[in-house]
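For reference, the structure is listed below as structure tokens.
The values are calculated or read from the model by the stated rules, or taken from the named source; none is laboratory data. Just so we're clear, the structure is a prediction, and the values are computed from it rather than from any experiment. Cβ atoms come from the backbone with ideal geometry, glycine included; neighbour counts cover every protein chain shown. All accessible areas refer to the heavy atoms of the entire protein, side chains included, with ligands and DNA or RNA removed. Shrake-Rupley method; radii C 1.70, N 1.55, O 1.52, S 1.80 Å.
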Amino acid sequence: MDTLVSLCKRRGFVFQSSEIYGGTGSCYDYGPLGVELKQNIKRLLWRDFVQSRADMVGIDASILMHPTVWKASGHLDHFTDPMVDCRECKLRFRADHVDALPWTHYCPATKGNKFTIPAGEPCSHCGARRTLCPDCGKGQLTAPRQFNLMFKTFMGPVEEDASVAYLRPETAQAMFVNFDNVLQSMRLKLPFGIAQAGRSFRNEITPGNFIFRTREFEQMEIEYFVNPRDAVEGRPADEYWHDRWIADCMAWFRRYGLREENLKLREHDRDELSHYSKRTVDIDYRFPIGWSELMGIANRTDFDLKQHSKFSGKSLTYFDEERKEHVVPYVIEPAMGVDRAVLAFMADAYVEEEVRGEKRVVLRFHPELAPVKVAVLPLLKKREEIVRAAHAIRADLAKQWRVVYDDTAAIGRLYRRQDEVGTPYCVTVDVQTVGDSEKGEAGDGKVTIRDRDSMAQVRVPIDALPGVFHDLLGGGAWAQVAARLERQIQK
Ligand SMILES: [Zn+2]
Ligand SMILES: [Zn+2]
């Protein structure tokens, strides 16, 4: 994890938020490369799960919603953690996490010397166990109190109870409260889904592990509505579609490079299920911190639509033409934390290998995820024709892809830098490309493409580059594309 965090900062993926002021608790900023990676993930999610499907539509709702939404959803009453406070230092802890912390102890058996004792263990001198604040070691802890995780604010100029608003703790509710708007305006038939990608906020007391758990985060959630009275392949429609979504989401992560051995499904136990859920399955990923949730796929039944119908007084049903009856659809909810996906894709892509006795760090990103697709590098930055040709190539390719130019080091070092940020291809412009006008030698107009993973190179005419990258970045394998180019060159 430390290796990744340091790479993220050094190469412009992720920075601590407001770092020059000492940082904001558990908030992070995406840098120039991080924003590209994150946008690529969101774009692919949207393309693969919304645009390419006939049964999906999207919305983009506001973060501030009517406060009653959170009453109806259960967040006001149930979205809480039991907290204890230290009466001395005022630090706040999750009651169920206190014993998982190392604790500070002033030991009476050693004239009050201060020790830090591993979580859950007694003092090896006096045998005492922790009863006081684990941090300062002096204060009594209060009895547990329920603490709501929603960020509270005020709408309008007056800070009074009537104007309380909350930053949404999840994007899902907007799909439920817009259910009828979307259904009527788009004339949809069940089953269909509504997707949304956007920010959510949770005032986590013990956030941590870099961008794994943050107070402000980005979600992509899908609410997929099905008719609970329908059957598909002999099974209730909601159960069938739940399994379909689990399989589709797993396939999506594999498609963009997460390795099979780092992914697994985890079924929630009965007592772990949320109050609205019939069944929930997590896709867990082997993060550097261990196996943890990357995505959850829940069968939320008709709970949400019924709740919002009850609290708003509006009917949120679907008219089943065949059976001539109104039904409240069941909903399957695939919910992903985009920041966690960023972390997973980075962790999975990270490789250290030895090349000719030197360590090479590579992010083996799928080309569609890579923040930069192509880097154009001049072999000699003192030769004006080379530099000019390289800039022209960059400008031309940049019409279609994120392409950068770099001449701030020798070529070997420039390659390593691009490897380290996962750029799949480099284009090198050299003396042969432009020739030597003083000696009257014409250039061959060809440049070298270097493949990140194999480090193999192939020489191609400049005007062939857009076509070649169209193939390579559109899913073509390097070995095949390079072999075809070699054959063309030999002809
Ligand atoms: Zn304390
Ligand atoms: Zn002791």
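Scanning the range 50-79 for residues that are open to solvent by less than 40 Å² (accessible area, probe 1.4 Å) and hydroxyl-bearing (Ser, Thr, Tyr) returns a single hit, Ser73. With respect to Thr280, determine if the residue is modelled with pLDDT of 95 or more and open to solvent by 20 Å² or more (accessible area, probe 1.4 Å). Answer is no for this residue. Within the range 193-248, being of a type in the set (Asp, Glu) and either buried (at least 21 other Cβ atoms within 10 Å of the Cβ) or part of a strand (DSSP E or B) (or both) holds for Glu216, Glu218, Glu221, Glu223, Asp238.
For the range 408-445, the set of residues classified as at pLDDT 95 or above and touching a Pro at 6+ places or on another chain (Cβ under 6 Å) consists of Pro424, Val429, listed by residue number. Picking from Gly58, Gly74, which residue would you name as being at pLDDT below 95 and small (Gly, Ala, Ser)? The conditions single out Gly74. Screening the range 409-491 for helices (runs of 4 or more DSSP H) wholly inside it with 3 or more residues that are open to solvent by less than 40 Å² (accessible area, probe 1.4 Å) returns the ranges 411-421, 465-473, 478-490.
Looking across Arg286, Arg323, one residue alone is part of a strand (DSSP E or B), open to solvent by 30 Å² or more (accessible area, probe 1.4 Å) and out of contact with any strand residue (DSSP E or B) (no Cβ under 6 Å at 6 or more places or on another chain). It is Arg286. His66 fulfils the conditions (1) more than 26 Å from the chain's Cα centre (by Cα); (2) under 20 Å from Gln146 (Cα atoms) except for a single criterion, (2).
Table: residues versus (1) open to solvent by 70 Å² or more (accessible area, probe 1.4 Å); (2) at pLDDT 95 or above; (3) touching an Asp or Glu at 6+ places or on another chain (Cβ under 6 Å); (4) of a type in the set (Lys, Arg).
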| residue | (1), (2), (3), (4) |
| --- | --- |
| Val374 | no, yes, no, no |
| Lys381 | yes, no, yes, yes |
| Glu385 | no, no, no, no |
| Ala395 | no, yes, no, no |
| Tyr405 | no, yes, no, no |
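Only one of the numbered conditions (1) open to solvent by 20 Å² or more (accessible area, probe 1.4 Å); (2) more than 16 Å from ligand 1 (Cβ to nearest atom); (3) modelled with pLDDT of 90 or more; (4) farther than 30 Å from Lys42 by Cβ is not met by Cys107, and that is (1). One residue stands out in the range 122-149 among those that are among the charged types (D, E, K, R) and within 11 Å of ligand 2 (Cβ to nearest atom): the one that is most open to solvent (accessible area, probe 1.4 Å), namely Arg129.
Please state which one of Ser292, Ser309 is in a helix (DSSP H, G or I), open to solvent by 20 Å² or more (accessible area, probe 1.4 Å) and out of contact with any Gly (no Cβ under 7 Å at 6 or more places or on another chain).
When all the criteria are applied, what remains is Ser309.
Is it the case that some residue within the range 360-370 is open to solvent by 10 Å² or more (accessible area, probe 1.4 Å), under 21 Å from Gly474 (Cα atoms) and among the acidic types (Asp, Glu)? Yes, there is a match, as at least one residue in the range 360-370 is open to solvent by 10 Å² or more (accessible area, probe 1.4 Å), under 21 Å from Gly474 (Cα atoms) and among the acidic types (Asp, Glu). Residues of the range 97-121 that are of a type in the set (Gly, Ala, Ser) and more than 9 Å from ligand 2 (Cβ to nearest atom): Ala100, Gly112, Ala119, Gly120.
For the range 154-176, the tally of residues that are of a type in the set (D, E, K, R), open to solvent by 80 Å² or more (accessible area, probe 1.4 Å) and in a loop (DSSP other than H, G, I, E, B) stands at 2.
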